[in-house]
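Below is one structure, written out as structure tokens, with a few remarks after it.
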Amino acid sequence: MNWTELAISFFVLLGGLFMLIGSIGLARLPDFYMRLHAPTKATTLGVGSLLIASMLFFSIKNSMFSIHEVLITIFLFITAPVSAHMMAKAALHVDTQTLERTQGSEAHQAATARKSTPSEADLANKQEGSES
Amino acid sequence: MDPNPRFRLFPMPVQSGLLFVVWLLMNNTLAVGHIFLAALLALAIPIAVSSLQHPQPTVHKPLLALRYFLLVLMDIVIANIQVAILILGPLKKMQPGFIAVPLDIKQNLPITLLASTVSLTPGTVSCDVSEDQCWLYIHALNLVDEQELINSIKNRYEAPLKEIFGC
């Protein structure tokens, strides 16, 4: 057992752990918007760690730098937020139920309508109120 | 007529270079045949699609962009650990919420980058952008202090993006 094997196992285990946590989050969190958080975050680091392990393993095995895993990471970092954004947008569009204690209902309504947030009008009113 | 003939042959120089590198990385080789093929693709595809592109703001400060990239990379690691703790912890204590962040940047590319960064970093997912592109709506997994979160997004991510694109 040398240090490279240790490092590779460490990254594989870490990656697996984060993927597991992401999946647990997907199953455990109570509403749609909260569930979105788990796959966008926990999984990026999970896959990232697995790819680091893969890079180390194949670089040593073939005694040649193996860096095409970087591409997977980049594609993942580009696609994960975009798909999360599209799902959130679709959820807003069909008015998915949120958890009752979700805060910021004005922002939620404004986001559903895609219009400028009502707080802008509120702010203007407040300013007028304070001036008068 | 385009006054600069170099740009007729290479309408998208950055994308050409990227395509070349990505092709070689995907094949994980430096064989002559693949270098030739990559060069051919990097030349032909941008010429074919160049008429489809929209004018985008250019990167004014590449060094700052690199620093921003490293900052986001570090924040992704921190975000993962924070979200992992939240997921495994008691769910009843979580206070999810929507917030609206006023945007100072107006172009599509910086807003896209900001929204993606927000999705990848601690406890926030960007949901939508208002039609006039003045507000970014964000869902936060655990909203403790709304104003503080808005400020941190604006100072930590929006300000450097604004400087990078010089807008």
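Quick notes on this one:
- All positions within segment A:29-58 that are within 21 Å of B:Cys127 (Cα to Cα), without any contact (Cβ under 8 Å) to a residue 12 or more places away in the chain and not aliphatic (A, V, I, L, M): A:Arg35
- Check on B:Glu163, under 30 Å from B:Pro11 (Cα atoms) and of a type in the set (D, E, K, R): yes
- For B:Ala79, the conditions (1) over 30 Å from B:His54 (Cα atoms); (2) more than 18 Å from the chain's Cα centre (by Cα) are fulfilled apart from (2).
- Only helices (runs of 4 or more DSSP H) whose full extent lies in segment A:60-132 are considered here, and the ones with at least 3 residues that are modelled with pLDDT of 70 or more and crowded, with 16+ Cβ neighbours inside 10 Å are A:69-93.
- Among the residues of this structure, B:Ile76 does not count as one that is outside the structural domain of B:Gln107 (by TED's automatic domain parsing) and not hydroxyl-bearing (Ser, Thr, Tyr).
- Hits in segment B:76-116 (condition: among the hydrophobic types (A, V, I, L, M, F, W, C) and within 7 Å of chain A (Cβ to nearest Cβ)): B:Ile76, B:Val77, B:Ala79, B:Val83, B:Ala84, B:Ile87, B:Leu88, B:Leu91, B:Phe98, B:Ile99, B:Ala100, B:Ala115
- Taking the numbered list (1) acidic (Asp, Glu); (2) closer than 14 Å to A:Ala84 by Cβ; (3) surrounded by fewer than 16 Cβ atoms within 10 Å (Cβ to Cβ) in turn, B:Glu148 passes all entries but (2).
- Residue within segment B:107-118 that is surrounded by fewer than 20 Cβ atoms within 10 Å (Cβ to Cβ), under 15 Å from the mean Cα position of the chain (by Cα) and at pLDDT below 80 present: yes
The values are calculated or read from the model by the stated rules, or taken from the named source; none is laboratory data. Keep in mind the model is a prediction, meaning the values are calculated, not measured. Virtual Cβ from ideal backbone geometry, glycine too; neighbours counted across all protein chains shown.
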